[in-house]
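The values are calculated or read from the model by the stated rules, or taken from the named source; none is laboratory data. Predicted model only: the values in this text are computed from it and were never measured. Cβ sites come from the backbone with ideal geometry, for glycine too, and all protein chains shown count toward neighbours. Ligands, DNA and RNA are excluded from the accessible area calculation, which covers all protein heavy atoms including side chains. Shrake-Rupley method; radii C 1.70, N 1.55, O 1.52, S 1.80 Å.
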Amino acid sequence: QVEVVESGGGLVQAGGSLRLSCAASGSIFSINAMGWYRQAPGKQRELVAVITSGGNTNYADSVKGRFTISRDNAKNTVYLQMNSLKPVDTAVYYCNADVRAGSVSGVMRYWGKGTLVTVSS
């Protein structure tokens, strides 16, 4: 089994910064993409950023230039550096990892339980 755990959320003023971390552990042979999603109250979950095992990244237009995703493959960890935060960034941030449990296993997506980010105006 695989566990994905996020950390680093909290309360910050507009214009401030936060760094989220997400670690995957358990029966892991390799991890393909890792990503961050968010869900604001009353809204659907949306993609924030994703990074492949090779380091290719993709961002939502709303966070480009403000957020940076990175990963440490040796630690099965992905990070989200969030700068110039706005009240509209307030949401629960979820991490996922596309995990292969063995060399001939298929890929399964695992989700964390989320971490709350609140940006005050």
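For the range 1-102, the set of trypsin sites (Lys or Arg not before Pro) satisfying both a DSSP loop assignment and a count of at most 12 other C-beta atoms within 10 Å is given as Lys43, Lys64. Our coupling estimate for the range 100-108, obtained by passing each phi through the Karplus curve with A = 6.51, B = -1.76, C = 1.60 and θ = phi - 60°, is 10, 7, x, 5, 10, 7, x, 9, 10 Hz, Gly and Pro reported as x. For Ala60 and Ser27, the FRET efficiency from 1/(1 + (r/R0)^6), where r spans their Cβ atoms and R0 equals 35 Å, is about 0.70.
Can you tell me the FRET efficiency between Lys86 and Leu116 if r is taken as the Cβ-Cβ distance and R0 is 25 Å, rounded to the nearest 0.05? Kindly include the intermediate steps, with their values, before the conclusion.
Working: r = 16 Å, r/R0 = 0.63.
Result of the calculation: an efficiency of 0.95.
Dimensions of the chain from C-alpha coordinates, computed as largest minus smallest value along each principal axis and given longest first, are 49, 25, 23 Å. Shape annotation for the range 32-97: C-alpha extents along the principal axes are 35, 21, 17 Å, from largest to smallest.
When Leu85, Leu11, Leu116 are compared by accessible area of protein heavy atoms, the largest-first order is Leu11, Leu116, Leu85, using a 1.4 Å probe.
Assign unit charges at the C-beta atoms only (+1 for Lys and Arg, -1 for Asp and Glu), then state the dipole size of the chain relative to its Cα centre in Debye, rounded to the nearest 20. It would help to have the intermediate numbers written out before the result.
Values: 12 positive and 7 negative charges, 22 e Å.
The calculation lands at about 100 debye.
Of all aspartates and glutamates in the structure, those lying under 14 Å Cα to Cα from Lys113, and not within fewer than 8 positions of it along the same chain, are Glu3, Glu6.
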